[in-house]
Structure formats: C-alpha cells, structure tokens
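Each remark here refers to the structure printed beneath this line.
The values are calculated or read from the model by the stated rules, or taken from the named source; none is laboratory data. Every value quoted in this text rests on a predicted model; they were computed, and no experiment measured them. Every residue, glycine as well, gets a Cβ built from its backbone with ideal geometry; the counts of neighbours run over all protein chains shown.
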Amino acid sequence: MKVSVVLLAGTEAHADLARVLNALELVRECMEGGDEVELVFDGAAVAWIPILADPDHSLHKVFHSVRPHIAGACEFCAGAFDVKGQIRGAQVAFLSEFEGHPSLRTRLVEDWKVVTF
C-alpha cells in the first residue's frame, strides 16, 4: 500500500501536538507494516519542522525515526510562515509540484492513499 500522510496542523493549540503525534505514529505504523509511506508538511504544519528538529522537543525521537520518509514541506507555505531557512537547516526538502505546493492530485493519480492530520 502507498500512504501519503499530510500534516496540516498548526502550532497554536495544544490539540495540534496530538495531531502531529498521530501523523508521526501513522508513518511509523506504515513503516513497520512494510508500506510505501511518505510524510508531507503542508499549510501551517511547515512551522513544526524546526520545532521537531530540536533534540529537546518531546517528539524529536519520533520525528527522527520517520525522517527517511519525509517527502518534504510545502515551499509556498514555508515562505508564508517565514520558516524557509529553518527548514533548509533541518535538511528537509521543499515540495512545489503545483503552483508552489505539493500536488495531492498527483499522489491520488498515482494511487497513494492520502491521510490528513
């Protein structure tokens, strides 16, 4: 199975932290299940990358464990949320397949199951 986990959660509310954890856990579960899986940071979620890249953050170890499956971050949103430099510093690629954004349509056409958090 091919699974594209798309994280959209912002950083403002405590509930957003749970969405991030759930997304990371789904990626881990798919990894363990032998699925082809990717993690896409889109919208406000691009601001999570510098937070999760911090070794002192509670979710850093989980983030690090799924790192090989991070497809990237929306380039447009990274600029809009002013975190492009921090994302580069975290060595996460930018996705800009459709007008500066990741193409979810392409993923659907390629039979990816898209799950959003």
Residue pairs within 8 Å by beta carbon, gap of at least six or interchain, first lying in the stretch 69-96 and on the phi > 0 side of the Ramachandran plot, second in a strand (DSSP E or B) and modelled with pLDDT of 95 or more, listed first then second, are G72/V40; G72/F41; G72/F94; G72/L95
Are there any pairs with C-beta distances below 6 angstrom linking a residue in the stretch 48-60 that is closer than 16 Å to A9 by Cβ to a residue that is polar (S, T, N, Q) and part of a helix (DSSP H, G or I), with the two at least 6 apart or on different chains, and if so which?
-> P50/Q86
Looking at (1) β-branched (V, I, T); (2) more than 21 Å from A18 (Cα to Cα); (3) surrounded by fewer than 19 Cβ atoms within 10 Å (Cβ to Cβ), can you tell me which one V62 breaks?
-> (2)
Of the candidates I70, I51, the one satisfying the condition of being in contact with a strand residue (DSSP E or B) (Cβ under 8 Å, 6 or more places away or on another chain) and modelled with pLDDT of 95 or more is I70
Among (1) within 10 Å of the chain's Cα centre (by Cα); (2) more than 22 Å from E110 (Cα to Cα); (3) not basic (K, R) - the single one I70 does not satisfy = (2)
Of all residues making up the stretch 78-104, the number that are out of contact with any Pro (no Cβ under 8 Å at 6 or more places or on another chain) and closer than 21 Å to L26 by Cβ | 5
Would a scan of the stretch 9-31 turn up a residue that is touching a His at 6+ places or on another chain (Cβ under 7 Å) and either in contact (Cβ under 8 Å) with a residue 24 or more places away in the chain or of a type outside the set (S, T, N, Q) (or both)?
-> yes
Taking the stretch 68-112 and keeping residues closer than 15 Å to W48 by Cα, among the basic types (K, R) and loosely packed, with under 15 Cβ neighbours inside 10 Å leaves R88
